Amino acid sequence: MRTAPGLDVHINWRFKAILPVAATLLAGIALFFWVTLSIPPSDRRTVLLVAAGGAVAICAVLLVVLAVLVHRPLLELREKIARLEQGDLNVTVGFAGRRDEIGELGRSFNAMVRQLRESHEQIQQLHRTQMSRAEHLATLGELAAGLAHEIRNPLAGIAGVIQIIGRDLPPGSPTREILKEVEQEVHHIQKILNELLDYARPKPLQLRPADLNATAERAVSLARQQIASRPIEIEFRPAAEVGMVEHDPDGIQQVLLNLLLNALQAIPREGRIVVEVHNEDRYATVAVTDSGCGIAPEHLPNIFKPFYTTKGKGTGLGLSLARRIVEFHGGRIQVETEVGRGSTFRVWLPKRKIASAAQS
Ligand SMILES: Nc1ncnc2c1ncn2[C@@H]1O[C@H](COP(=O)(O)OP(=O)(O)O)[C@@H](O)[C@H]1O
Ligand SMILES: [Mg+2]
């Protein structure tokens, strides 16, 4: 009970429950006292004693009734809540069968514990499924990476042999065309294997203060080599004062190159890509904007998931790897896109890596 600001007085609930009854009884006795004033004093004393005794007895009976009806269930509830807190989800209270408000409280408590138990079992089940799926995926990933590694060397041998055969063929031979196609397919397989291996066995990243403009520029010049003769322009806008940003230059170069290759692939014929480095307060950002096809809303939630691709010859690993590298830096990567107009992928890198991210 709040009596004055800052002062809390705890009053036993039994006292509070009995107080109105006792007050009524006292008032009754006072009234009785007044009414009995006309009775001779010797008789009056006996009458008053009997009345007072009766009042005390009523209070005592009330207390016992309260203890049985209210106090015992409350004690049980307290004990069961304590067991629930310890993690025992099989507790139930015994007074749930009563046909009053206390019984209702008991039924609600039992229902709540049952729901808690069911949710807990569901979560555990989900956890078990996810764990076994994760283990399964990890084993599959290891297998795939091992396989990719084993295939890579013989494949390089095959590519070499194809080149030699091609050189030995007479210039007008139709087999030359076929060999060229085989060579292209072999290069495609090599590309997939390399991406898979990059993803499954990433090179260790080492962060150090380095010039982000220079890193971005290297990615841009590598991407320009991929344009071939297509009418696509890549504009590079370095930040005026980016200073040193703590990053792994090879890792971030790979991130930007992945974004740039996606941008090139998103442009059907001619178009334009802008790479812009920006200097913000605690972060430096690099944005890659293309005038390509944009990303449809149904694909957008999935594009960062490994192996998600909408391209016939894609691996779906580029963005997933990019995000992993950026997150290792304590940064983030986001996309804004409009179908038919193009997309902007923006990478935020903390200029100085936040300590907690350094553990990951
Ligand atoms: N700049 C972009 N414009 C349009 N779609 C894009 C762009 N970048 C990525 N995407 C979409 O995201 C998917 C996943 O990209 P990514 O992980 O690099 O795999 P991949 O390029 O092998 O398909 C792509 O298949 C494509 O649908
Ligand atoms: Mg890609």
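The values are calculated or read from the model by the stated rules, or taken from the named source; none is laboratory data. Please read all numbers here as calculations on a predicted model, not as lab measurements. Counting neighbours? That spans all protein chains shown, and the Cβs are built from the backbone with ideal geometry, glycine included. Ligands, DNA and RNA are stripped out before the accessible areas are found, and what is left, the full protein with its side chains, is counted by its heavy atoms. Shrake-Rupley method; radii C 1.70, N 1.55, O 1.52, S 1.80 Å.
Some values worked out for this structure:
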quantity: Burial order of peptide ranges 286-297, 264-275, 95-106 (average beta-carbon count within 10 Å, highest first); calculated: 286-297, 264-275, 95-106
quantity: Accessible area of the stretch 18-143 belonging to carbon and sulfur atoms, whole % at 1.4 Å probe; calculated: 66
quantity: Potential extension, MET244-ARG176 segment - 0.36 nm per residue separation minus Cα distance; calculated: 19.4 nm
quantity: Surface per residue (accessible, 1.4 Å probe) for the stretch 208-359, Å²; calculated: 52
quantity: Amide N proximity, the stretch 173-195 versus LEU155 label position 7 Å along Cα-to-Cβ, cut-off under 16 Å; calculated: 182-195
quantity: Cα-derived Rg over Rh, computed across the stretch 2-88 with Rh taken as Kirkwood radius; calculated: 1.23
quantity: Cα centroid of the stretch 62-118 to Cα centroid of the stretch 219-283, whole Å; calculated: 65
quantity: Whole-percent carbon and sulfur share, accessible surface of the stretch 220-358, 1.4 Å; calculated: 49
quantity: Difference of contour (0.36 nm per residue) and Cα-Cα distance, GLU135 to ARG237; calculated: 32.3 nm
quantity: MRE, 222 nm, helices only [DSSP H, n ≥ 4, -39500 (n - 2.57), over the chain, to nearest 500]; calculated: -20000 deg cm²/dmol
quantity: Residue-span extension gain [LEU126 to VAL339] - 0.36 nm each, minus C-alpha spacing; calculated: 73.0 nm
